[in-house]
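Below is one structure, written out as structure tokens; comments come after it.
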Amino acid sequence: MANTEINNSKIGEWFAAGGMAAVISGIKNIWNKVAELDSALTDLKKTTDATEAELKAFCFTSNDTAKQIGVPTAEIINAAAAWSRLGYSIKDAAALAKNSAILASISPDLNIGQAVDGLATSLKAFKIEAGDSLDGVISKINVIGNTKALNNGTIVDILTNSASAMAAGNNTLEQTIAL
């Protein structure tokens, strides 16, 4: 009986030690996430002329967007900073960051940075407005990616590398994707 009590006591100690390690790991994880968010927000603040109120509103909106799409909030903020560096207002950058995250989430072979690059190249080359990015570009990429022997990542890569030249040759986005 004494042996059983000792074994149960040891098992309890091991569970307690494991639980403490999990708590410490969780705290470290939270700290890393906070540092990541702070870095992303600092980058966004450097790249935009948005007011503190606009940045605060964007922060809350980006968190909601991230939850809806299933990506980390820092990815949305980093994407918005990338769009802001390209000259887009905080309002357009927020919408484009969301759309970039959507493109990446429906494209397993594409990360959000690649989505930003491909979408930015396409918008600039074919003179498509930011508000038309979802229906004007992303849906067209996705339709071809879902119906042809290409995946969205390949289409985005092709657009990133050739959209400007194709637009200069008077080709449309649709023609370029079809090629």
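The values are calculated or read from the model by the stated rules, or taken from the named source; none is laboratory data. The shown structure was predicted, so the numbers you read here are calculated from the model rather than taken from an experiment. Cβ: placed from backbone, ideal geometry, glycine included. Neighbour counts: every protein chain shown. Remember, those area values only see protein heavy atoms, side chains included, never the ligands or the DNA or RNA. Shrake-Rupley method; radii C 1.70, N 1.55, O 1.52, S 1.80 Å.
Here Thr176 qualifies as in a helix (DSSP H, G or I) and crowded, with 18+ Cβ neighbours inside 10 Å.
Take the residues in the stretch 128-152 that are in contact (Cβ under 8 Å) with a residue 40 or more places away in the chain and outside any helix (DSSP H, G or I); name whichever of them is least open to solvent (accessible area, probe 1.4 Å).
Taking the stretch 128-152 as the starting set, the residues that turn out to be in contact (Cβ under 8 Å) with a residue 40 or more places away in the chain are 128, 130, 151-152.
Then drop every residue that is not outside any helix (DSSP H, G or I), which leaves 128, 151.
Details: Ile128: 35, Asn151: 69 Å².
Among residues in the stretch 128-152 that are in contact (Cβ under 8 Å) with a residue 40 or more places away in the chain and outside any helix (DSSP H, G or I), the one least open to solvent (accessible area, probe 1.4 Å) is Ile128.
Scanning the stretch 79-89 finds one or more residues that are within 18 Å of Thr61 (Cα to Cα), crowded, with 16+ Cβ neighbours inside 10 Å and of a type outside the set (Gly, Ala, Ser). Quick check: anything in the stretch 108-115 open to solvent by less than 10 Å² (accessible area, probe 1.4 Å) and among the hydrophobic types (A, V, I, L, M, F, W, C)? So far as the stretch 108-115 goes, yes, one or more of its residues are open to solvent by less than 10 Å² (accessible area, probe 1.4 Å) and among the hydrophobic types (A, V, I, L, M, F, W, C).
Regarding the stretch 67-76, can at least one residue be identified that is part of a helix (DSSP H, G or I) and exposed (fewer than 15 other Cβ atoms within 10 Å of the Cβ)? Give the steps one after another, and end with the answer.
The first filter runs over the stretch 67-76 and keeps only residues part of a helix (DSSP H, G or I), leaving 67-69, 73-76.
Cutting the leftovers down to exposed (fewer than 15 other Cβ atoms within 10 Å of the Cβ) gives us 67-68.
Yes, because at least one residue in the stretch 67-76 is part of a helix (DSSP H, G or I) and exposed (fewer than 15 other Cβ atoms within 10 Å of the Cβ).
Test Lys45 against the criterion of being assigned to a helix (DSSP H, G or I), out of contact with any strand residue (DSSP E or B) (no Cβ under 8 Å at 6 or more places or on another chain) and at pLDDT 70 or above, and give yes or no. Explain how you work it out, then say what you get.
Values: assigned to a helix (DSSP H, G or I): yes; out of contact with any strand residue (DSSP E or B) (no Cβ under 8 Å at 6 or more places or on another chain): yes; at pLDDT 70 or above: yes.
Spelling it out, Lys45 is indeed assigned to a helix (DSSP H, G or I), out of contact with any strand residue (DSSP E or B) (no Cβ under 8 Å at 6 or more places or on another chain) and at pLDDT 70 or above.
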